[in-house]
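What follows is a short report on a single structure.
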Amino acid sequence: MATAAKTTPQDLPPKGGYGPIVTERTKLRSLFSGRSMILGYFAVTSVSFYIYFKGYKVIKKHEVEMRSARMVMFPLLLAERDREYLKQLRRNRDSETELMKNVKNWETGTYYGEPIYKTAKSSKLIEPDCLEYYAFASDKDYQDRAEISLWT
């Protein structure tokens, strides 16, 4: 063990000693003065407001355009919905006629010749309930319509 200690040199301070330890404060280098920081802030804010309000006008213009398009399309969509509703009522009536053609004294829209609604005029549309409306449709169509409230 004594021989190993002789072969490795001991770590000593450099000749002449270590340099002095710096204890005084070093000043940071200033990139911008206070005045230039305030002017820069106002410049950036002014440009940002300009860009923001320019984009705001475009967005508002687009919203007005979309609202106008919605207001124009809404009556057309209602008319299409009503048209499809009446077409489905016609399909139901035709299916009932086809299904009950072999039954004696059966008239479509009546119960063995007796009107279902005695006080209503024959020209008045009586809207069927959901089950009557989907009577001749597939089960999937009825389930999709019945469960639509769960998805909206």
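If N is the number of residues in the stretch 59-148, what value comes out of its Cα radius of gyration divided by 2.2 N^0.38 Å?
Relative to the 2.2 N^0.38 Å estimate, the stretch 59-148 comes out at 1.58.
Hey, what angle do you get for helix 34-99 against the long axis of the chain, alpha-carbon based, 0 to 90 degrees rounded to 10?
Roughly 20 degrees between the two axes.
Using the Kirkwood radius built from alpha carbon pairs, what does the Stokes-Einstein equation give as D for the chain at 20 °C and 1.002 mPa s, in µm² per second?
The diffusion coefficient I find is 81 µm²/s.
Accessible area per residue of the stretch 1-91 at 1.4 Å probe, in Å²?
Result: 105 Å² of accessible area for each residue.
Quick one: compute the contact order of the chain, relative version, from alpha carbon pairs under 8 angstrom and 6+ residues apart, as a percent.
12
For Ile59, what charge total do you get from the other residues with a beta carbon under 14 Å from its beta carbon, if Lys and Arg give +1 and Asp and Glu give -1?
On the way: positive: Lys54, Lys57, Lys60, Lys61, Arg67; negative: Glu63, Glu65.
Around Ile59, the surrounding residues sum to +3.
Over the stretch 73-152, what is the mean sequence separation of C-alpha contacts under 8 Å (at least six apart), divided by residue count, expressed as relative contact order in percent?
About 22 percent, as a whole number.
When only DSSP loop residues count, what chymotrypsin sites (Phe, Trp or Tyr not before Pro) in the stretch 99-152 have their Cβ near at most 16 other Cβ atoms within 10 Å?
Values: sites: Trp106, Tyr111, Tyr112, Tyr117, Tyr133, Tyr134, Phe136, Tyr142, Trp151; in loops: Trp106, Tyr112, Tyr117, Tyr134, Phe136.
Taking the stretch 99-152 and a limit of 16 other Cβ atoms within 10 Å, the loop chymotrypsin sites (Phe, Trp or Tyr not before Pro) found are Trp106, Tyr112, Tyr117, Phe136.
Roll a 1.4 angstrom probe over the protein heavy atoms and tell me the percent of accessible area of the stretch 25-152 that is carbon or sulfur.
For the stretch 25-152, the apolar C and S fraction of the accessible surface comes to 61 percent.
Would you be so kind as to identify which of Thr45, Ser123, Trp106 lies farthest towards the positive end of the dipole of the chain, taking Lys and Arg as +1 and Asp and Glu as -1 on Cβ and the Cα centre as origin?
Highest projection toward the positive end goes to Thr45.
What net charge do the residues around Ser68 carry, taking every other residue with its C-beta under 13 Å from that of Ser68, with Lys and Arg at +1 and Asp and Glu at -1?
+2
The values are calculated or read from the model by the stated rules, or taken from the named source; none is laboratory data. Because the structure is a prediction, the values reported are computed rather than measured. Virtual Cβ from ideal backbone geometry, glycine too; neighbours counted across all protein chains shown. Please note that ligands, DNA and RNA were not included when accessible areas were found on the heavy atoms of the full protein model with its side chains. Shrake-Rupley method; radii C 1.70, N 1.55, O 1.52, S 1.80 Å.
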